[in-house]
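Report on the following structure.
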Amino acid sequence: MKFLEALQQEVLIGDGATGTMLYAKGISPDANFEHLNLVKPSLVLDLHREYVAAGARVIETNTFGANFPKLDAIGIGGKLRDINVKGAQLARQAAGGADVHVAGSIGPLIGGRGEEKVPGEDEIRRMFAAQVDALAEGGVDLFLLETFSDLRQLEIGVEVAKQTGLPVVANMAFGENSRVAGGFPLETVAGRLAAAGADVIGANCGAGPLEISRTVKLLAGITLLPIAVYPNSGFPEYVNGRYLYRATPDYFAGMAEEMAAAGAVLIGGCCGTTPDHIREIAKRLKGRKPTRRQVQVAAIPAHVGEPRPIAAPGFLSSWGEKMVVTVELDPPRGLDCSTVLTGSRVLKEAGADAINLAENPLARVRMGNIALANLIQREIGIEVIVHITCRDRNLLGLQSDLMGASLLGIRSILAVTGDPASLGEQAGASSVFDLNSFTLIKLLDGLNGGVNALGNPLGSGTGFTIGAAFNPNTARMDVQTGRLAKKVANGACFAQTQPIYDVKRLDEMLEQTAHLNIPILPGVLPLVSERNAEFLHNEVPGIVIPDEIRLRMKGKEKEDGAREGLAIAREFIDAVRGRVGGFYLIPPFGRYGIAAELVRYIKR
């Protein structure tokens, strides 16, 4: 009996976790599990047979991550076809002559790490097609796309898989309140996956059986499509270097009965589920007929992120009426804040509109800038632009800290990817990069709209003025302009540039970015010596100092160097004053006195 026909007759039992079981059999968690299809096929075959013996009627190929981006990252992208074909053949061999259906497992190509170079949709289609074709060649009966958090990526995968003519199951990893990244409600997810051609839709991973059972009940009321469900075996506990899942087979099977009663017709397990869990489910649900469902489709709500309320302009409120000046100060390396507080006071008195606080620049440890920003705003009374990087916090921590920043009265954020931790002096520190500057801006825009990354309501919007970084010192200004356009589309409403010394380059930047219609503050970093100029030009990424400027600094040191550097900065300011609405000053070595002189010069 074919897969879709079988679903009409009875509730089918899926298999359980592959990674969990391979790990339990001695495979390192750092190993590539899919490559085992080629190097340890008997191990994979035996695992499939265990699930079949436990009662699984649908077994998945060991190919979840056997796509080009993930295989190529470890140097085996050229083995994509062989890994997938072999994975399908091993599962087919384990199925034997029994009435067992082989599902080609396909996971996300990208996602979760905030890659800056995200493939275009045409490339994503080609990547999915390579895996789909190889699995079909190996003899799968259907495709099971699972653990997707990106709805659009899953839609594309479904469309590609449907071109084979085989059935397609589309499972998403839902968060709280059955929402997915981007804030899409369940009605929207179900509608779009059905339109893409999914034959079965459902949920897997992400949560334990209790949470996913709620999603099943909601799905049953809004779609007539068959429902699949593969929950985790509860939440993991880290014990003696291993992640252990506490849900017993008895409890898991009891929840499976609830999900079948709610309308699920394909029930298996994800992380932490073992053949024992599947055996108990099979025993409880043997011969179970699908539950009759009465669908009452609710209206699909508008996307929760649209429209976004416009954040208060803060320091930009006078843009176009008078010159706006922001000044960067570095947080202290220790606990003494007196210098940065004094500098902030001096700069405020000079006329600065806002203070920029970088976050661990060059990946070197400094005081947390959110707490320091709150202190400066309370004690000095000047607005602070807090730089937030993607390097030091995961998606969970970023959201928590940004909500906390809003609570503390922070209203301006500059979103930057951040220097890799490997640049700093902290041996053993690692970079996180769940997001990048683009996706961080999108997250901030969502918070302004009153929802978190999963679209769950916050009660109110954060009201951040969102800034972006722009580097004009490149050979391809059009590339940088395209990047800025993407940031603006994601929610950025102002930009600050890397230090710029070339008036012609600034004019080119203004010409190419005029259509974006946002305030752009060119960076001004006064030089203090020949050595300083040569270091910045030769060693600091993103800074280019023209030959004539370096020639002027030649032989200049100490007071002479600072005087010449200040003169160069003033000349640049005079040359572009009529074409920009403000400046972003970066005092060398934290010498706020130099910045104060320039603030007064600009504001005169």
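The values are calculated or read from the model by the stated rules, or taken from the named source; none is laboratory data. Quantities reported herein were computed from a predicted structural model and do not represent experimental measurements. All Cβ positions, even for glycine, are placed from backbone atoms using ideal geometry, and neighbour counts span all protein chains on display.
Summary of values
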| item | result |
| --- | --- |
| Test: residue in region 520-535 that is within 26 Å of A354 (Cβ to Cβ) and free of Cβ contacts under 8 Å to residues at least 40 places away in the same chain | no |
| Some residue of region 593-603 being surrounded by 18 or more Cβ atoms within 10 Å (Cβ to Cβ), modelled with pLDDT of 95 or more and within 38 Å of the chain's Cα centre (by Cα) | yes |
| Selection count where residues are without any contact (Cβ under 8 Å) to a residue 12 or more places away in the chain and charged (D, E, K, R), scope region 412-450 | 0 |
| Single residue of region 283-329 satisfying the filter (touching a Cys at 6+ places or on another chain (Cβ under 9 Å) and at pLDDT below 60) that is surrounded by the fewest Cβ atoms within 10 Å (Cβ to Cβ) | I310 |
| Residue list for region 359-370, filter: at pLDDT 90 or above and either charged (D, E, K, R) or over 25 Å from the mean Cα position of the chain (by Cα) (or both) | E359, R366, M367 |
| Residue match in region 26-49 (condition: closer than 25 Å to L4 by Cα and charged (D, E, K, R)) | yes |
| Helices (runs of 4 or more DSSP H) contained entirely in region 499-604, each with at least 2 residues that are within 28 Å of G320 (Cα to Cα) | 503-513, 558-576, 592-603 |
| Some residue of region 333-341 being surrounded by 18 or more Cβ atoms within 10 Å (Cβ to Cβ) and either touching a residue at least 12 places away in the same chain (Cβ under 8 Å) or more than 20 Å from Y592 (Cβ to Cβ) (or both) | yes |
| Hits in region 55-87 (condition: part of a helix (DSSP H, G or I) and closer than 30 Å to R284 by Cα) | G87 |
| Only listed residue being surrounded by 21 or more Cβ atoms within 10 Å (Cβ to Cβ) and not in a loop (DSSP other than H, G, I, E, B), chosen from L135, L109 | L135 |
| Residue in region 90-104 that is farthest from V132 (Cα to Cα), counting only those that are among the hydrophobic types (A, V, I, L, M, F, W, C) and not in a strand (DSSP E or B) | A98 |
| Conditions (1) surrounded by fewer than 16 Cβ atoms within 10 Å (Cβ to Cβ); (2) charged (D, E, K, R); (3) closer than 21 Å to F148 by Cβ: number failed by E425 | (3) |
| Contacts under 6 angstrom Cβ, first residue in region 160-188 being farther than 18 Å from D434 by Cβ, partner at pLDDT below 80 and outside any loop (DSSP other than H, G, I, E, B), 6 or more apart | L186/S178 |
| Among (1) out of contact with any Gly (no Cβ under 8 Å at 6 or more places or on another chain); (2) under 21 Å from E60 (Cβ atoms); (3) surrounded by 21 or more Cβ atoms within 10 Å (Cβ to Cβ) - the single one L225 does not satisfy | (3) |
| Every residue from region 32-54 that is surrounded by 14 or more Cβ atoms within 10 Å (Cβ to Cβ) and more than 26 Å from A282 (Cβ to Cβ) | N32, E34, H35, L38, K40 |
| Residues of region 484-498 classified as in a helix (DSSP H, G or I) and of a type in the set (A, V, I, L, M), total | 4 |
| Restricting region 547-576 to residues that are touching a residue at least 60 places away in the same chain (Cβ under 8 Å) and surrounded by 14 or more Cβ atoms within 10 Å (Cβ to Cβ), the residue that is farthest from the chain's Cα centre (by Cα) | I568 |
| Residue in region 494-517 that is of a type in the set (A, V, I, L, M) and under 28 Å from L186 (Cβ atoms) present | no |
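Here is a yes/no grid of residues against (1) surrounded by 22 or more Cβ atoms within 10 Å (Cβ to Cβ); (2) modelled with pLDDT under 95; (3) at negative phi:
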position: F148; (1), (2), (3): yes, yes, yes
position: L154; (1), (2), (3): yes, no, yes
position: T164; (1), (2), (3): no, no, yes
position: G182; (1), (2), (3): no, yes, no
